[in-house]
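S.K.: Let me begin by handing over the structure; questions about it come next.
The values are calculated or read from the model by the stated rules, or taken from the named source; none is laboratory data. This structure is a prediction, so every number in the text was calculated from the model and none was measured. Heads up, the Cβs are rebuilt from the backbone with ideal geometry, glycines too, and the neighbour counts pull from every protein chain shown. Accessible surface is based on the protein model in full, side chains and every heavy atom, while ligands, DNA and RNA are left aside. Shrake-Rupley method; radii C 1.70, N 1.55, O 1.52, S 1.80 Å.
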Amino acid sequence: MTLLAPSVFALGVALALVVVALHFLVTRRPPARLLPTARFVPVAEARAVSRASRPSDVALLVLRVLAVLLIAAAFARPIPDAPGPTVRSVVLVDMSRAVADTVAALDSARARSTEGGALLRFGSGDAARGSLSAALVRGQREAARVARGADSVKLVVVAPFTSAQFDAATLALRAAWPGAITLVRVPMRVDTAVGAAAQLVTTLADDPIAPALRALPLRRGAQAVRIVRGRASAGDSIWARTTGGALVEWPLSEGDARADGVVLTGAASRATAGAAPATLIAPLVRLPVPSAGLVSARWRDGAPAVTEDALGTGCIRHVGVGLPLAGDLTLREPFVRFLAPLLAPCGMGAGTLLPDSALTAFAASDRAAGVAAPLLVSATSGETRLAAWLLLFAMACLLGEWVLRARRAR
Amino acid sequence: MAVGPYGALLDAVRGVRWPARRPVPGGAPGAHQARSRGVAPEFAEYRPYRQGDDPRRLDWKLLARSDRAFIRLAPDHAILGTTFVVDASASMAFPEATLAKWQLAKRLTIALAAIAHASADPVGVTIVAGDETVRLEPRTRSGVLAAIARTLDAVTPHGASDLTAAITSSAARCVVISDGLWAPDAAPSRSVIAALARHRARGGESHLLHVVSRAELEPDDDAIMATDPEDARLERPLVPETREGYRAAFDEWRAALASRARADGLAYAEVVDDAPVEVLVRRLVAPVGAEARR
């Protein structure tokens with residue numbers, strides 16, 4: 001049995017010592033003896049405290065000390081000990097479309113799982129990628145559960161580790177895990193199909209995007225992308241849902257043009273520190289976009305400019321950047337650089353693979369691999385059961401003490 | 001005369017006299033000065049008339065018959081019946097190991113009875129033990145001492161005794177042998193001292209022998225819960241803190257008892273259980289000058 005709050009038990013031991021000391025201080029009633037002249041003895045207290053060389057009433061002493069120690073142990077958050085040194089693993093495996101071979105990834109994960117541990121899948125098959133933040137949250141919760149009965153718990157993540165899998169909370173969640181994390185990199189899925197660039201559905205004869213599209217090189221690994229210059233139709237939605245393509249809803253600009261800037265941001269921004277985000281500064285019209293969804297581009301004031309939502313097996317990308325119908329903005333290199341990520345497969349692509357140095361830093365291999373189980377265990381049913389049993393035994397001791405005292409008094 | 005283990009005691013008090021404290025009523029001839037004077041109801045002997053004799057004591061009839069002058073001698077000493085009222089309550093059975101108080105009471109009774117009996121005085125005993133009363137009427141027969149000894153030895157002190165009834169039916173000399181630890185709530189008129197005072201007022205002689213144990217005067221230093229043998233509800237802790245108060249209260253009570261007894265004209269004596277009975281007896285029977293001449 002391990003005590004999570006040993007200071008409480010230490011307090012109980014101190015209290016037990018006080019009980020023992022009190023049993024050496026006894027209030028004795030003098031022995032009764034006949035004295036015919038007792039009537040002349042002044043009325044006084046019939047008891048006096050004295051020190052005994054041996055503790056009085058050993059049976060009562062034992063019951064009282066036992067009760068005190070059991071109560072102290074119950075409140076000291078006891079957890080049952082593991083039969084032997086036990087290290088359990090919580091393995092998180094990415095099963096999203098970002099993984100090239102999910103079967104191999106699962107096998108790799110199973111190879112690293114341990115008896116009594118857990119194997120968790122994150123990023124379902126229809127997701128473009130698995131969120132490391134969500135995986136870490138699930139993993140830490142599971143670690144607290146498997147920690148009961150174990151000495152330590154290890155965290156293993158099996159994933160491609162692309163920049164797209166990181167978000168603003170990932171590093172904070174990583175810091176919440178006190179030990180090292182074993183990272184097992186699996187190959188990222190790359191779509192080798194070479195196909196045409198995005199389809200453009202527009203009502204304009206001279207849509208300003210068309211020249212930029214033609215300027216883009218053929219993309220390898222690009223899923224089908226349909227750009228709808230207006231509101232997407234039901235057919236467009238069905239197409240995205242069934243084919244897994246990226247539906248880009250890019251309305252024509254209405255309203256007054258305002259010179260404004262768009263900075264291409266997204267989940268990849270932290271992982272790709274050093275790479276300059278694409279910036280487009282031009283008289284652009286700010287169009288409304290849904291606030292929910294993955295934000296991949298923002299206006300200069302931080303408002304979302306491009307958001308992406310999952311749509312069946314594909315996704316719909318809302319572009320709130322209204323382009324001028326005239327001018328050569330769309331022919332310039334900054335616009336082409338801005339446009340290219342908008343035509344990436346759902347999830348803004350799998351993102352780029354995280355460099356090994358970044359992975360090493362994320363794994364924090366200088367920390368201990370396993371985290372001691374007591375650090376992870378929280379109030380669980382097992383701990384509560386053990387404490388309840390200890391309290392039950394303590395109550396039994398107190399009941400026995402009361403019965404014994406009642407018998408002595410009689 | 002078989003008196004059990006008291007043979008040595010009787011030998012020790014042989015020849016001791018116990019005169020009455022004041023003239024006794026006339027009666028059978030005895031060793032005590034009688035109250036009556038003049039012509040005695042009984043004729044004892046003649047003595048020739050001598051110069052200085054009271055002429056009124058001449059026996060004129062004898063003078064007429066024999067022409068010789070003789071005077072009649074009348075007896076002026078009488079007997080004094082003595083009854084011993086012995087307290088055999090539970091408080092007399094102390095200390096528990098030796099029963100020294102009870103032993104002293106018995107030995108005093110037997111010794112004084114022997115002294116009185118040697119003067120031809122009738123002696124009797126009334127033993128009050130709880131609700132039981134054993135009475136031996138005063139007698140002069142030779143076996144009365146043995147009977148008193150047997151009666152005393154057959155009694156075990158117990159209960160709480162009321163001695164007042166035994167005092168009212170006693171003989172001319174009443175000797176109460178008790179530790180004085182009577183019911184504390186008894187009315188003063190019903191107390192033993194009042195009864196003895198009434199007996200004395202009726203012409204009798206009252207003695208109170210107050211038996212005290214050395215263990216009561218000087219209890220051990222051990223802390224005990226003192227329990228009254230006649231009242232189990234009375235328990236007091238005799239511990240170092242209360243010892244001085246106990247001694248003071250006990251001494252004060254003894255002094256008050258002695259003062260009250262003497263003020264009522266009783267012959268009071270405190271006897272301690274570790275004192276030799278022979279010495280005590282001689283002190284008790286010593287005549288008091290003023291009383292003897294009254």
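S.K.: Regarding region B:180-202, can at least one residue be identified that is assigned to a loop (DSSP other than H, G, I, E, B), under 23 Å from residue B:253 (Cα atoms), within 14 Å of chain A (Cβ to nearest Cβ) and open to solvent by less than 20 Å² (accessible area, probe 1.4 Å)? I'd like the intermediate steps shown before the answer.
M.R.: At the first step, the residues of region B:180-202 found to be assigned to a loop (DSSP other than H, G, I, E, B) are B:180-187, B:191, B:202.
If we keep only those that are under 23 Å from residue B:253 (Cα atoms) too, we end up with B:180-187, B:191.
So of that shortlist, the ones also within 14 Å of chain A (Cβ to nearest Cβ) come out as B:180-186.
Of the ones still in play, those that are also open to solvent by less than 20 Å² (accessible area, probe 1.4 Å) are B:180-181.
Yes.
S.K.: Condition first: assigned to a helix (DSSP H, G or I) and in contact with a strand residue (DSSP E or B) (Cβ under 8 Å, 6 or more places away or on another chain). Now tell me which residues in region B:245-267 satisfy that.
M.R.: Narrowing region B:245-267 to residues assigned to a helix (DSSP H, G or I): B:245-263.
Answer for region B:245-267, where residues must be assigned to a helix (DSSP H, G or I) and in contact with a strand residue (DSSP E or B) (Cβ under 8 Å, 6 or more places away or on another chain): B:246, B:254, B:257, B:258, B:261, B:262.
S.K.: Ok, one more. Can you name the condition, by its number, that residue B:62 falls short on among (1) without any contact (Cβ under 8 Å) to a residue 40 or more places away in the chain; (2) of a type outside the set (Val, Ile, Thr); (3) assigned to a helix (DSSP H, G or I); (4) open to solvent by 50 Å² or more (accessible area, probe 1.4 Å)?
M.R.: Failing condition for residue B:62: (4).
S.K.: Sticking with this one: Is it true that some residue in region B:143-161 is of a type outside the set (A, V, I, L, M, F, W, C) and within 18 Å of residue B:18 (Cβ to Cβ)? Reasoning before the result, please.
M.R.: Just the residues of region B:143-161 that are of a type outside the set (A, V, I, L, M, F, W, C), to begin with: B:143, B:150-151, B:153, B:156-159, B:161.
Add one more test, that the residue is within 18 Å of residue B:18 (Cβ to Cβ), and what stays is none.
Checked against the condition, which is being of a type outside the set (A, V, I, L, M, F, W, C) and within 18 Å of residue B:18 (Cβ to Cβ), region B:143-161 yields no hits at all.
S.K.: Same structure, new question: Within region A:265-284, can one find any residue that is at pLDDT below 80 and charged (D, E, K, R)?
M.R.: Scanning region A:265-284 turns up at least one residue that is at pLDDT below 80 and charged (D, E, K, R).
S.K.: Please specify each residue of region B:96-125 satisfying the condition of being open to solvent by less than 20 Å² (accessible area, probe 1.4 Å), modelled with pLDDT of 95 or more and of a type in the set (S, T, N, Q).
M.R.: Within region B:96-125, just B:109 meets the criteria.
S.K.: Quick one: residue B:91 ticks every box in (1) in contact (Cβ under 8 Å) with a residue 60 or more places away in the chain; (2) under 20 Å from residue B:199 (Cβ atoms) bar one, so which box is it?
M.R.: If we test residue B:91 against (1) in contact (Cβ under 8 Å) with a residue 60 or more places away in the chain; (2) under 20 Å from residue B:199 (Cβ atoms), just (2) comes out false.
S.K.: Looking at region A:151-162, which of the residues that are modelled with pLDDT under 90 and surrounded by fewer than 23 Cβ atoms within 10 Å (Cβ to Cβ) is nearest to residue A:79 (Cα to Cα)?
M.R.: A:151
S.K.: Would you mind telling me which numbered condition in (1) at the interface with chain A (Cβ under 9 Å from one of its Cβ atoms); (2) of a type outside the set (A, V, I, L, M); (3) touching a strand residue (DSSP E or B) at 6+ places or on another chain (Cβ under 7 Å) residue B:207 fails?
M.R.: (1)
S.K.: Is there a residue in region B:226-243 that is of a type in the set (Val, Ile, Thr), surrounded by 18 or more Cβ atoms within 10 Å (Cβ to Cβ) and part of a helix (DSSP H, G or I)?
M.R.: yes
S.K.: A further question on this structure: Output the residues belonging to region B:244-259 that are open to solvent by less than 10 Å² (accessible area, probe 1.4 Å), within 7 Å of another protein chain (Cβ to nearest Cβ) and either farther than 18 Å from residue A:32 by Cβ or among the basic types (Lys, Arg) (or both).
M.R.: Within region B:244-259, B:250 is the sole residue that qualifies.
Residues checked against (1) surrounded by 17 or more Cβ atoms within 10 Å (Cβ to Cβ); (2) under 23 Å from residue A:173 (Cβ atoms):
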residue: A:308; (1), (2): yes, yes
residue: A:313; (1), (2): yes, no
residue: A:323; (1), (2): yes, no
residue: A:327; (1), (2): no, no
residue: A:330; (1), (2): yes, no
residue: A:334; (1), (2): no, no
residue: A:338; (1), (2): yes, no
residue: A:346; (1), (2): yes, no
residue: A:362; (1), (2): yes, yes
